[in-house]
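Enquirer: Got a structure for you, written out below as structure tokens; questions coming shortly.
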Amino acid sequence: RKEVEQDPGPFNVPEGATVAFNCTYSNSASQSFFWYRQDCRKEPKLLMSVYSSGNEDGRFTAQLNRASQYISLLIRDSKLSDSATYLCVVKGGFQKLVFGTGTRLLVSP
Amino acid sequence: GAVVSQHPSWVICKSGTSVKIECRSLDFQATTMFWYRQFPKQSLMLMATSNEGSKATYEQGVEKDKFLINHASLTLSTLTVTSAHPEDSSFYICSARKQGLRFLNTEAFFGQGTRLTVV
């Protein structure tokens, strides 16, 4: 079983739609969680950290469910510019980041 | 904000030659940097952890004699791919973390990546 698993997609949605991604992780001792965004042939960039209480940043909402070991990302009112690959990232031992394979999102006009 | 600069952004080399990739933290000191490799449609895979002033720690399956890492200063780590082969062609990305009060959730900054093509 992979340490971090994501549905690779792609998720094809129209502009204005709401879309949600889930990610599961295997190490119950993991303490920190993140969502990164990666555009094609570019480096990943931090979208948001995921806190136990859940957090929201504009159109983006992240939630953590420790009991079920999954993390979610909700994007409301999708924009064309949201098209990218969204990486679920878990911080493991020795401060190492473990990346999921990413979920590809395509927002169409 | 903090920036990590990686150079070169792309390189094409002949099989059997060596390629050096540089990773610099521009406005902060990084005692630890990380080197990743990403093959098409796959996730970033950690290759090694670069420690300033000491030997790098390699992940299982990564040849330390092939991927030489040097972290000679608090702002520079280098990865040298020695005797490159076509199967080494990949996207190599470095990362450094700026330590803050909330260490557990300190953001990791990534270099722009280096696309290596070995022909």
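The values are calculated or read from the model by the stated rules, or taken from the named source; none is laboratory data. The structure displayed is predicted, hence computed values, not measured ones. Note that each Cβ is placed from the backbone with ideal geometry, even for glycine, and that neighbours are counted across all protein chains shown.
Enquirer: Quick one: in the stretch A:38-49, of everything that is out of contact with any helix residue (DSSP H, G or I) (no Cβ under 9 Å at 6 or more places or on another chain) and at the interface with another protein chain (Cβ under 9 Å from one of its Cβ atoms), which residue is surrounded by the fewest Cβ atoms within 10 Å (Cβ to Cβ)?
Expert: Checking each candidate, the answer is A:41.
Enquirer: Could you count how many residues in the stretch B:1-43 are over 22 Å from residue A:46 (Cα atoms), surrounded by 14 or more Cβ atoms within 10 Å (Cβ to Cβ) and among the hydrophobic types (A, V, I, L, M, F, W, C)?
Expert: Total meeting the criteria: 4.
Enquirer: Taking the stretch A:50-83 only, how many residues are away from chain B (no Cβ under 14 Å) and aliphatic (A, V, I, L, M)?
Expert: The total comes to 5.
Enquirer: Just give me the residues in the stretch B:37-76 being within 13 Å of chain A (Cβ to nearest Cβ), over 18 Å from residue B:18 (Cα atoms) and of a type outside the set (A, V, I, L, M, F, W, C), in sequence order.
Expert: B:38, B:40, B:41, B:42, B:43, B:49, B:50, B:51, B:57, B:58, B:59, B:60, listed by residue number.
Enquirer: Continuing with the same structure: For the stretch A:3-17, enumerate the residues that are more than 15 Å from residue A:71 (Cα to Cα) and charged (D, E, K, R).
Expert: Correct list: A:15 only.
Enquirer: I'd like to verify a number: residues in the stretch B:1-29 that are away from chain A (no Cβ under 12 Å) and aliphatic (A, V, I, L, M), how many?
Expert: Of the residues in that region, 5 qualify.
Enquirer: Looking at the stretch A:80-92 only, could you name the residues that are modelled with pLDDT under 90 and over 17 Å from residue A:1 (Cβ atoms)?
Expert: The one that is modelled with pLDDT under 90 and over 17 Å from residue A:1 (Cβ atoms): A:91.
Enquirer: Would you mind finding the one in A:52, A:30, A:81 that is touching a residue at least 40 places away in the same chain (Cβ under 8 Å) and out of contact with any Ser or Thr (no Cβ under 9 Å at 6 or more places or on another chain)?
Expert: A:30
Enquirer: Also: Give the residues of the stretch B:1-44 that are of a type in the set (S, T, N, Q) and either outside any loop (DSSP other than H, G, I, E, B) or touching a residue at least 24 places away in the same chain (Cβ under 8 Å) (or both), sorted by residue number.
Expert: Once the filter is applied, which keeps residues that are of a type in the set (S, T, N, Q) and either outside any loop (DSSP other than H, G, I, E, B) or touching a residue at least 24 places away in the same chain (Cβ under 8 Å) (or both), the stretch B:1-44 yields B:5, B:6, B:9, B:15, B:17, B:18, B:25, B:29, B:31, B:32, B:38.
Enquirer: So how many residues does the stretch B:44-56 have that are surrounded by fewer than 18 Cβ atoms within 10 Å (Cβ to Cβ) and either touching a helix residue (DSSP H, G or I) at 6+ places or on another chain (Cβ under 8 Å) or closer than 18 Å to residue B:88 by Cβ (or both)?
Expert: Of the residues in that region, 1 qualify.
Enquirer: Enumerate the strands (runs of 3 or more DSSP E) found wholly within the stretch A:1-102, keeping only those where 2 or more residues are over 26 Å from residue B:56 (Cβ atoms) and of a type in the set (Val, Ile, Thr).
Expert: A:19-25, A:70-75
Enquirer: Now, a different point. Whether any residue in the stretch B:93-102 is of a type in the set (D, E, K, R), modelled with pLDDT of 85 or more and not in a loop (DSSP other than H, G, I, E, B) is what I want to check.
Expert: No, because not a single residue in the stretch B:93-102 is of a type in the set (D, E, K, R), modelled with pLDDT of 85 or more and not in a loop (DSSP other than H, G, I, E, B).
Enquirer: Next up: Which residues, counting only those in the stretch A:20-37, are away from chain B (no Cβ under 12 Å) and hydroxyl-bearing (Ser, Thr, Tyr)?
Expert: Of everything in the stretch A:20-37, those that are away from chain B (no Cβ under 12 Å) and hydroxyl-bearing (Ser, Thr, Tyr) turn out to be A:24, A:25, A:26, A:28.
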